[in-house]
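The structure under discussion appears below in the form of structure tokens.
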Amino acid sequence: MGEHALYHIKYDTPLTADIEGIARPFSHWVKTSPTSKTVATDGAAAIQAARVAPGQIATLILPADTAWTEADGIAETPETPPPQKPANEAVVAAAKALKQPNSMLFIGGRALRAKGLELAGKIAAKTGCKVQGAGGTARIERGAGRVPVLRLHFVVETAQQMLKGTRHMVLVGAKAPAAFFAYPGKPSVLVPEGCEVTTLCPVEGDPIGSLEALAAELGALNEKPAVAEAKRPERPTGKFTLDGLGQALGAAMPEGAIVIDESVTTGRGFFPFSVGAPPHDWLNNMGGSIGFGAPVAVGAAVACPDRKVICMIGDGSSMYTIQALWTMARENLDVCVLIFSNRNYKILYSQLADVGAANPGPRAIDMLTLDRPTLEFTLLAKGMGVPGAKAHDLDELNKQLTYAMSTKGPYLIDVVM
Ligand SMILES: Cc1ncc(C[n+]2csc(CCOP(=O)(O)OP(=O)(O)O)c2C)c(N)n1
């Protein structure tokens, strides 16, 4: 991150600010490198900090004059301390818990990559435990041949239903499940009453090493995990339904697709329709602030130019970072952007009801609608150099998806719901 030359700060010119203070809430590691001589070693330390499990944000602030004064040369990046392996007692305790009836392996972080899921699948095959994904999942490797997993639902009652009856929960790379928000009369803690929780691996631990140790302790390493078979849904037809949208996606996504999911209320039930699609990655927002989808799609497409990126965004969320379309055009990134135009901040209606505001008045409703004027996403895209089209029903969407999947470069589909 840039900063004025430090000798310039006392003149209080524009852009003078407490930059460390701004960066700190979003960073695990913050440092201002005072001179060009320290930039290399501080840069190496920042890389080391960023590599600490499960992945950290390191912010290195560089005063302007570090760019125009002599440096000392390249510094070696120190080894990153490896994440802690679980103690043997923790492995034994987790194995004991999972051997009980109604047990659950609750996983997050790197446990959701193919290798972690395979180990979780072996453990489930051996013990009969349920495998449940956390609610916040940065990246899941899924599709045909992989062990399928569901994310814990955002809605409290649905999440409780998913966890119901669990008596023993073992955490690997995840915190004990808690509701996203507090609501009057609803629990913050989602762990069922009387359920015993065992932490095998904390979020900053080593999920793969932990699952390996657990599988070995259980004698599960040679088990055959239940994997998703290769199977796509039929192409749906007719009017839009949420399931139909999931089917259209499951029918169209190519092997190696990177799906960015900021679909908010629209895509919550999409997983079953792509469980047997060719292997792909599914990226979700770990934070909760909207606007993550389009910039993450840019990053994914730059990182993986040979893979199709499918970026699903709610119409409300899309408006926070819509300028990413211009970057997609400028860099000719292979991204298919799907905007779900339900003309509302739909999730906020249920949030309002959940805090007890059952009958919102016209002014409240007005703050949740996105219809006056109607957002013309194909025109916005065109203005930023991205071609696109509207889809008014599932048949049009199938056609648009077929076209977008068979051509390279950015393309936007406005799903007019
Ligand atoms: C930066 C930021 N601003 C505001 C919010 C509050 N918020 C959460 S979801 C949401 C609306 C999302 O609307 P949309 O993307 O259209 O999806 P829908 O709810 O209609 O499915 C808002 C405003 C937030 N989480 N982050």
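Mind listing whichever residues of the range 259-271 are more than 12 Å from the ligand (Cβ to nearest atom) and in a loop (DSSP other than H, G, I, E, B)? Result: Gly269, Phe270.
When you check Ser341 against the structure, is it within 15 Å of the ligand (Cβ to nearest atom) and exposed (fewer than 15 other Cβ atoms within 10 Å of the Cβ), yes or no? Quick ask: steps written out before the conclusion?
Working: within 15 Å of the ligand (Cβ to nearest atom): yes; exposed (fewer than 15 other Cβ atoms within 10 Å of the Cβ): no.
Answer is no for this residue.
If a residue must be surrounded by 13 or more Cβ atoms within 10 Å (Cβ to Cβ) and closer than 11 Å to Leu62 by Cα, how many such residues does the range 1-19 contain? Qualifying residue count, the range 1-19: 6. Reported count of residues in the range 231-253, each being part of a loop (DSSP other than H, G, I, E, B) and either within 13 Å of the ligand (Cβ to nearest atom) or out of contact with any strand residue (DSSP E or B) (no Cβ under 8 Å at 6 or more places or on another chain) (or both), is 10. Taking residues in the range 272-300 that are under 21 Å from Met319 (Cβ atoms) and within 12 Å of the ligand (Cβ to nearest atom), and partners anywhere that are of a type in the set (A, V, I, L, M, F, W, C) and assigned to a helix (DSSP H, G or I), the pairs with Cβ atoms closer than 9 Å and at least 6 places apart or on different chains are Asn285/Val296; Gly293/Ala324; Ala294/Ala324; Ala294/Leu325; Ala294/Met328.
Restricting attention to the range 34-75, report how many residues are part of a loop (DSSP other than H, G, I, E, B) and closer than 20 Å to Ala17 by Cα. First the steps, then the outcome.
We begin by selecting, within the range 34-75, every residue part of a loop (DSSP other than H, G, I, E, B); these are 34-38, 51-57, 68-75.
After this cut, where a residue has to be closer than 20 Å to Ala17 by Cα as well, the list is 34-35.
So the answer is 2.
Count of the range 180-225 residues, restricted to those that are farther than 22 Å from Asn285 by Cα, assigned to a loop (DSSP other than H, G, I, E, B) and of a type in the set (Asp, Glu), is 2. Remark: Glu89 falls outside the filter, which requires a residue to be more than 15 Å from Glu217 (Cα to Cα) and not aliphatic (A, V, I, L, M). If you go through the range 198-249 and pick out every residue that is surrounded by 14 or more Cβ atoms within 10 Å (Cβ to Cβ), more than 22 Å from Ala144 (Cβ to Cβ) and of a type in the set (Gly, Ala, Ser), you end up with 6.
For the range 306-323, check the following and say yes or no: at least one residue is away from the ligand (no atom under 16 Å from the Cβ), closer than 23 Å to Met417 by Cα and touching a helix residue (DSSP H, G or I) at 6+ places or on another chain (Cβ under 6 Å). Reasoning before the result, please.
So the first thing to find is which residues in the range 306-323 are away from the ligand (no atom under 16 Å from the Cβ), and the list is 306-310.
Subset that is closer than 23 Å to Met417 by Cα: 309-310.
If we keep only those that are touching a helix residue (DSSP H, G or I) at 6+ places or on another chain (Cβ under 6 Å) as well, we get 309.
Yes, that holds for at least one residue.
List pairs: first in the range 190-219 and without any contact (Cβ under 8 Å) to a residue 12 or more places away in the chain, second part of a helix (DSSP H, G or I), Cβ under 7 Å, 6+ apart or cross-chain? Partner pairs satisfying both residue conditions: none exist.
Count, please, the residues in the range 62-83 that happen to be of a type outside the set (Gly, Ala, Ser) and over 30 Å from Asp206 (Cα atoms).
The initial filter retains those residues of the range 62-83 that are of a type outside the set (Gly, Ala, Ser), namely 62-63, 65-66, 68-70, 72, 74, 76-83.
This time we only want the ones that are over 30 Å from Asp206 (Cα atoms), so: 62-63, 65-66, 68-70, 72, 74.
Matching residues across the range 62-83 total 9.
If you go through the range 228-246 and keep only what is under 22 Å from the mean Cα position of the chain (by Cα) and touching a residue at least 40 places away in the same chain (Cβ under 8 Å), you end up with Ala228, Leu245.
Any residue at all in the range 210-228 that is within 16 Å of the ligand (Cβ to nearest atom) and modelled with pLDDT of 95 or more? Let's see the steps before the verdict.
Just the residues of the range 210-228 that are within 16 Å of the ligand (Cβ to nearest atom), to begin with: none.
Among the residues of the range 210-228, not one is within 16 Å of the ligand (Cβ to nearest atom) and modelled with pLDDT of 95 or more, which makes the answer no.
Annotation: of all residues in the range 348-364 being part of a helix (DSSP H, G or I), free of Cβ contacts under 8 Å to residues at least 24 places away in the same chain and surrounded by 13 or more Cβ atoms within 10 Å (Cβ to Cβ), the one that is nearest to the ligand (Cβ to nearest atom) is Leu348.
The values are calculated or read from the model by the stated rules, or taken from the named source; none is laboratory data. Here the structure is a predicted model, which is why all the values come from computation and not from measurement. As a convention, Cβ positions derive from the backbone with ideal geometry for all residues, glycine included, and neighbour counts pool all protein chains shown.
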